[in-house]
Ligand code: SAH
């Protein structure tokens with residue numbers, strides 16, 4: 001049997017025998033870019049059912065159909081971890097979203113802060129980056145990218161049962177040890193290039209769910225800080241064990 005290398009995230013339910021129609025972009029990618037034809041095998045996942053093998057049963061220029069065969073991987077959900085970050089330059093924002101999807105964040109939330117450099121993001125493009133990252137890294141779940149929201153509004157509605165790991169550049173110094181507390185929902189917060197304002201810092205400190213932490217003795221750029229914080233969290237409290 002030919003080896004299936006291409007992985008696609010789809011919306012449809014996946015179970016043996018199901019048909020999965022392809023939209024124009026998917027058909028273009030599989031049949032024009034990747035040059036697959038009838039009988040080719042690919043892997044599908046949908047963030048709910050796990051990963052399945054599927055066979056191309058119709059290959060048009062602008063449409064196509066896959067037929068689902070057996071399951072190849074069970075669903076693996078990431079831990080209940082959100083990444084909140086202030087958008088920076090486009091390429092670095094794309095990087096943060098891609099890395100968050102690879103590192104196993106469940107939800108990615110761009111937030112504007114007082115010193116945010118960019119107050120617009122293309123949510124649809126960021127969602128596509130998250131999907132491509134999940135396809136590429138072998139995950140079976142695509143994290144949701146939320147619409148851009150103000151940090152102050154997000155904090156006003158902060159859920160009582162979610163801890164907030166506040167990466168505070170003012171604490172630059174020895175990195176913290178995170179003590180596992182089972183069953184806790186978490187979020188990581190990374191600031192913009194300009195850091196957090198005094199008002200934001202005060203607001204964050206006033207929130208009982210906040211855990212301010214240092215990411216070591218050097219000030220990291222926001223994109224580096226996001227990867228470092230995700231690493232620290234996954235290693236101490238997440239699914240790396
Ligand atoms: N311009 C700021 C740095 C901002 S770095 C200054 O010079 O102070 C961007 C974001 O990365 C910060 O808001 C913080 O969330 C995170 N960060 C970078 N280095 C960090 C460190 N050593 N400890 C904790 N957070 C850090």
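Bear in mind that the values in this text are calculations on the coordinates, not laboratory data. A quick note: this is a predicted structure, and the numbers were derived from the prediction, not measured. Virtual Cβ from ideal backbone geometry, glycine too; neighbours counted across all protein chains shown.
A few comments on the model shown:
- Remark: 172, 97, 56 ranked as 172, 56, 97, counting other beta-carbon atoms within 10 Å and listing the fewest first.
- The share of C-alpha pairs in the chain whose separation exceeds 22 Å stands at 57 percent.
- DSSP bridge orientation in the stretch 1-134 - percent antiparallel, rounded to nearest 5: 70 percent
- Values of log10 I(q)/I(0), in the order q = 0.14, 0.16, 0.29 Å⁻¹, for the stretch 7-73 under a Debye, Cα-only, solvent-free model: -0.33, -0.43, -1.34
- Comparing mean-square fluctuations of 82, 186, 158 from a GNM of the chain with C-alpha springs under 10 Å, the top value falls on 158.
- Histogram of C-alpha separations across the stretch 87-184, 5 Å bin width, %: 2, 11, 18, 20, 20, 18, 9, 1
- Degrees between helix 123-137 axis and first principal axis of the chain (Cα, 0 to 90, nearest 10): 70 degrees
- Virtual paramagnetic centre 7 Å along Cα→Cβ of residue 241, amide N under 17 Å, in the stretch 66-93: 77-81
- Taking the C-alpha atoms only, the angle from helix 222-237 to the longest principal axis of the chain is near 80 degrees.
- When the chain is treated as a GNM with alpha-carbon contacts under 10 Å, the residue of 34, 165, 65 showing the greatest mean-square fluctuation is 34.
- Kirkwood hydrodynamic radius of the stretch 1-44, Cα pairs, Å: 11.3 Å
- With R₀ fixed at 45 Å, the C-beta to C-beta distance from residue 28 to residue 149 puts the FRET efficiency at about 0.85.
- Projected label distance in nm at residue 136 and residue 205, using a 7 Å step from Cα toward the beta-carbon: 4.0 nm
- Rg and Dmax [Cα atoms of the stretch 98-146; Å; Rg one decimal, Dmax integer]: 11.5, 37
- Here the Kirkwood formula puts the hydrodynamic radius of the stretch 115-241 at 16.0 Å, using every distinct Cα pair.
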